[in-house]
Amino acid sequence: MDPMELAAPSRVLVVVAHPDDADFGAGGTIAKWISEGVEVHYCLATSGDRGGFDLEVPRAEMPAIREREQTAAAEVYGVFTNTTPVDAYRGAGRPEATFLIERIMDRYAAAI
């Protein structure tokens, strides 16, 4: 094996702050891993309710739009699960959100 070539892991949990962060930041790698049989899961920390720049779309509608877009992108790649768990803890504080992400990491026992 070439020292610069790493073996693909068997399972990956991609933890990102916003919908579409995984796609923009690591889409090529994620697509490659999935094509090699890697089980990829997404954990999104927020619903993306504060993102988007379309002034014609009411802010309250943004989470549903971004969730649909993220779900569609995950389906194109072949991502196994696509969760947005941490939004439930908005305002609860970082320790609670961190704990929830740790539980998700344990659940999927990701290699990366």
With every protein chain in place, the accessible area of residue 21 for a 1.4 Å probe, in Å² rounded to the nearest 10, comes to 60
Proximal charge balance of residue 13 [Cβ under 13 Å; K/R count +1, D/E count -1]
0
Restricting to DSSP loop positions (anything but H, G, I, E, B) with no more than 14 other Cβ atoms inside 10 Å of their own Cβ, which chymotrypsin sites (Phe, Trp or Tyr not before Pro) remain in the stretch 1-54?
53
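The values are calculated or read from the model by the stated rules, or taken from the named source; none is laboratory data. The shown structure was predicted, so the numbers you read here are calculated from the model rather than taken from an experiment. Here the Cβ is made from the backbone with ideal geometry for all residues, glycine too, and neighbour counts use every protein chain on show. For accessibility, only protein heavy atoms count, side chains too; no ligands or nucleic acids. Shrake-Rupley method; radii C 1.70, N 1.55, O 1.52, S 1.80 Å.
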